[in-house]
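Engineer: So that we are looking at the same thing, I have put the structure below in structure tokens.
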Amino acid sequence: MMHHVKTACSFTAILGACLIMTMYPPVASETTPTDADNTWSKEQVREFLAELEASHRDTPVMAAAFDQQKRLRMLREPLKAKGYIYFSAPGLLRFEIVQPFQSVLLYRNEAISRFEKEGDSWKSLDTRTVRVMILVMEQIARWMQGKFEDSQVFELGVTQAASQTPVLHMTPIHERFREFIARIDLVVGPPPERAVQRIIVWEPNGDTTEIEFTQTWRGLKFPDELFQHPDVSPD
């Protein structure tokens with residue numbers, strides 16, 4: 001079971017923030033763009049993306065704690081993990097799983113490093129899917145700054161069911177990307193913060209990963225080494 005947990009969470013580490021239930025599907029009106037009555041027009045989407053950028057562009061540094069659930073068709077119960085994501089503009093990211101095991105993904109200068117703790121030491125992991133990881137981490141760095149509108153990687157759409165928050169649906173354009181991700185949904189909170197509350201990653205085989213942000217911190221100062229070495233603390 002621990003092997004399955006690590007495999008599932010490592011894929012989310014590839015997504016970075018990310019990033020996030022065919023057997024246990026979410027409420028369709030909230031995450032699945034199937035109801036035309038809930039689908040926003042192109043003009044509404046453009047205005048929403050501009051609002052997101054205005055809300056996030058002055059966030060040079062932030063950290064967030066998250067709970068993660070991975071739902072695999074082969075397993076009846078979801079695999080759960082906890083972790084943190086750290087961001088420093090314009091493109092430094094650290095994605096860290098702290099429970100039920102420890103792993104770290106670092107993105108710096110368009111380069112990816114992956115580590116997993118074994119006993120008291122950190123082991124460097126391979127990055128055979130490095131092109132996909134770099135692509136995703138670049139996008140996450142953009143999202144952290146509210147930059148969605150000029151994406152060359154995703155087709156964007158928004159739905160909003162009655163009494164629900166809007167959901168930004170991001171469908172990969174490139175065939176290579178679609179081999180790993182069918183769609184990413186970002187559940188966005190109310191104005192003026194417009195914080196991303198949840199990320200749901202839909203894989204082509206029906207498996208899903210959901211990340212819910214439980215706490216965020218802004219205006220922090222991180223040591224530069226936090227984005228270079230897995231054993232560095234943010235304190």
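The values are calculated or read from the model by the stated rules, or taken from the named source; none is laboratory data. Keep in mind that this is a model prediction, so the values were computed, not measured. When we count neighbours, we look across all protein chains shown, and the Cβ atoms used for this are built from the backbone with ideal geometry, even at glycine. Surface areas here come from the heavy atoms of the whole protein model, side chains and all, with no ligands, DNA or RNA. Shrake-Rupley method; radii C 1.70, N 1.55, O 1.52, S 1.80 Å.
Engineer: If you roll a 1.4 Å probe over the range 35-193 with all protein chains in place, what percent of the accessible area is carbon or sulfur?
Structural biologist: 46
Engineer: Here's something else I'd like to know. Which whole-number value in Å² is the accessible area per residue of the range 118-235, probe 1.4 Å?
Structural biologist: Accessible area per residue: 52 Å².
Engineer: After finding the eigenvalues of the alpha carbon gyration tensor for the range 101-196, what semi-axes result from the square roots of 5 times each, listed largest first in whole Å? Provide the component values of the computation, followed by the final result.
Structural biologist: Working: eigenvalues 173, 61, 32 Å².
Ellipsoid semi-axes (Å, largest first): 29, 17, 13.
Engineer: Past the 18 angstrom mark, what percentage of all C-alpha to C-alpha distances in the range 37-91 do you count? Show your work: numbers first, answer last.
Structural biologist: On the way: 932 of 1485 pairs.
Considering the range 37-91, 63 percent of its Cα-Cα pairs are separated by more than 18 Å.
Engineer: Along the range 180-188, what does the Karplus equation 6.51 cos²θ - 1.76 cosθ + 1.60 (θ = phi - 60°) give for ³J(HN,Hα), rounded to whole Hz, x for Gly and Pro?
Structural biologist: Along the range 180-188, the couplings run 10, 9, 7, 6, 10, 10, 10, 8, 10 Hz.
Engineer: I've got another one for you. Report Trp202's accessible area, 1.4 Å probe, all protein chains in place, as a number in Å² to the nearest 10.
Structural biologist: Ignoring ligands and nucleic acids, Trp202 comes out at about 40 Å².
Engineer: Enumerate the aspartates and glutamates that Lys221 could reach by cross-link, defined here as Cα to Cα under 16 Å, with residues fewer than 8 away along the same chain left out.
Structural biologist: Leaving aside aspartates and glutamates fewer than 8 places away in the same chain, those within reach of Lys221 are Asp58, Asp235.
Engineer: Any lysines with Cα under 25 Å of the Lys70 Cα? List them, leaving off those in the same chain fewer than 8 positions away.
Structural biologist: Those lysines meeting the cut-off are Lys6, Lys80, Lys82, Lys117, Lys123.
Engineer: According to a simple spin-label model (label point 7 Å from Cα along Cα-to-Cβ), what is the distance in nm between Leu125 and Ala111?
Structural biologist: 2.0
Engineer: What relative contact order, as a whole-number percentage, does the range 44-113 give when Cα pairs under 8 Å and 6 or more residues apart are counted?
Structural biologist: Relative contact order comes out at 21 percent.
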